[in-house]
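A quick write-up on the structure given underneath.
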Amino acid sequence: MEDKTKEDLRKRLLKEKEATEKGLGVISKRDVEDHVPGDFDPKFPNYGDDNYPEMDGVSPGEVADYLVRVYDTGELESRLNDIQAALEKLDGDDNFGYCEKCNESIDNARMQANPAARTCMNCAK
Ligand SMILES: [Zn+2]
């Protein structure tokens, strides 16, 4: 892969990393207690709509949004891990753009579509 292409992909990865971390900051907090790096816990929303005495100050809307956050936090967390792995490859040894499973180079169209791709199309199937 050409250096210029690598630099372009690096810029895109850094931008996406920032956006992903921002998103995680809004809906979750970093879990510092169980010492797993990059582990985030979704925040329970509080909209102040405590009209449900039988639910101890929690509303059905808050529960529903919490469940969405659980899902979204997992998605963003796994995306962030892929982005970080790609950036480490770019900085470290020369295996950026190569499939983690079969070691073949990942085709350019796939890398352009997803600079954090870990596998080639064949292995992704
Ligand atoms: Zn492969």
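Every read-out reported here was derived from the displayed coordinates using simple, explicitly stated rules and does not represent laboratory data. Just so it is clear, the structure is predicted and the values come from calculations on it, not from any experiment. Cβ coordinates were reconstructed from backbone atoms using ideal geometry, including for glycine residues, and neighbour counts include every protein chain displayed.
Key figures for this structure:
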| item | result |
| --- | --- |
| Cβ-Cβ under 7 Å pairs, at least 6 apart or on other chains, the range 104-125 side in contact (Cβ under 8 Å) with a residue 12 or more places away in the chain, far side among the small types (Gly, Ala, Ser) and within 11 Å of the ligand (Cβ to nearest atom) | Ile106/Ala117; Met111/Ala117 |
| Criterion (within 12 Å of Pro42 (Cβ to Cβ), surrounded by 17 or more Cβ atoms within 10 Å (Cβ to Cβ) and away from the ligand (no atom under 15 Å from the Cβ)) met by exactly one of Leu76, Leu67, Leu80 | Leu76 |
| Residues (of a type in the set (A, V, I, L, M) and near the ligand (Cβ under 10 Å from one of its atoms)) located in the range 93-116 | Ile106 |
| Qualifying positions in the range 85-100 - in a loop (DSSP other than H, G, I, E, B) and surrounded by 12 or more Cβ atoms within 10 Å (Cβ to Cβ) | Asn95, Phe96, Gly97, Cys99, Glu100 |
| Those residues of the range 15-64 which are surrounded by 12 or more Cβ atoms within 10 Å (Cβ to Cβ) and hydroxyl-bearing (Ser, Thr, Tyr), in sequence order | Thr20, Ser28, Tyr52, Ser59 |
